[in-house]
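J.: Could you have a look at this structure, given as structure tokens, before my questions?
The values are calculated or read from the model by the stated rules, or taken from the named source; none is laboratory data. Since the structure is predicted, the reported quantities are computational estimates derived from the model, not experimental observations. Methodologically, a virtual Cβ is constructed for each residue, glycine included, from the backbone with ideal geometry; neighbour enumeration extends over all protein chains shown.
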Amino acid sequence: MAETAQKIIKINLEELLQILNEAYAEEWLAYYQYWLGAKLAAGQMRPAVAAEFAEHAKEELEHADMLADRIVQLGGTPILNPDDWSKHAKCKYEAPQKEDTATLVMQNLLSERCAVGRYQNICDLCFGKDYETFRISAHILKEELEHEQEMEDFLKDFDLAKK
Ligand SMILES: [Fe+2]
Ligand SMILES: [Fe+2]
Ligand SMILES: [Fe+2]
């Protein structure tokens, strides 16, 4: 814990730590969803989809890493038991329903839209009150928006390929 980190924020610390832990749990689930999706993917544009999923898995894990560091800096504890991830996550894990790329991409698109809302909310909460959490959340938000765009682009490509 960094003593000053706790003192300078103008938000309720307990509330902030609770929210950061929810986001932290969501990132691990997002990581696993992409990581597994990259292994299972089959069908249309498989190489491109699997490569993008693998890259996003890495980025979701980096997000978990940034959040864990910030939680510790604020004197909190990142969720200790993976059993608790799904209990805390508001953006839920979407277990792959089918292995076809279109289904997987659609499932990841839904997750990304939830993630965008999550970081927009954290940015709103921290704006002008906690610059460091704001900075981290704005960085993650930028990447979640890119992820959303890329999932939409795949769906558009699938659609065009049908015509
Ligand atoms: Fe993420
Ligand atoms: Fe993402
Ligand atoms: Fe990407």
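Every residue, every condition in (1) at pLDDT 95 or above; (2) within 27 Å of A51 (Cβ to Cβ); (3) of a type in the set (A, V, I, L, M); (4) in a helix (DSSP H, G or I), yes or no:
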{"site": "I79", "(1), (2), (3), (4)": "yes, no, yes, no"}
{"site": "Y119", "(1), (2), (3), (4)": "yes, yes, no, yes"}
{"site": "I122", "(1), (2), (3), (4)": "yes, no, yes, yes"}
{"site": "E132", "(1), (2), (3), (4)": "yes, no, no, yes"}
{"site": "E152", "(1), (2), (3), (4)": "yes, yes, no, yes"}
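J.: Out of the residues in the stretch 59-76 that are among the acidic types (D, E) and more than 9 Å from ligand 1 (Cβ to nearest atom), state the one that is nearest to the chain's Cα centre (by Cα). Outline the logic, then answer.
T.: First, the residues of the stretch 59-76 that are among the acidic types (D, E): 59-60, 62, 65, 69.
When the remaining residues are screened for being more than 9 Å from ligand 1 (Cβ to nearest atom), the result is 65, 69.
Details: D65: 11, D69: 16 Å.
So the residue we want is D65.
J.: Shifting gears a bit: Which residues, taken from the stretch 17-30, are surrounded by 15 or more Cβ atoms within 10 Å (Cβ to Cβ) and more than 14 Å from ligand 3 (Cβ to nearest atom)? Spell out how you get there, then give the answer.
T.: Filtering the stretch 17-30 down to residues surrounded by 15 or more Cβ atoms within 10 Å (Cβ to Cβ) leaves 17, 19-30.
L17, I19, L20, N21, E22, A23, Y24, A25, E26, E27, W28, L29, listed by residue number.
J.: In this structure, is I136 within 15 Å of ligand 3 (Cβ to nearest atom) and either in contact (Cβ under 8 Å) with a residue 24 or more places away in the chain or over 30 Å from A2 (Cβ atoms) (or both)?
T.: Working: within 15 Å of ligand 3 (Cβ to nearest atom): no; either in contact (Cβ under 8 Å) with a residue 24 or more places away in the chain or over 30 Å from A2 (Cβ atoms) (or both): yes.
In short, no.
J.: Taking the stretch 93-132 only, how many residues are within 17 Å of R46 (Cβ to Cβ) and either in contact with a Lys or Arg (Cβ under 7 Å, 6 or more places away or on another chain) or surrounded by 21 or more Cβ atoms within 10 Å (Cβ to Cβ) (or both)?
T.: 4
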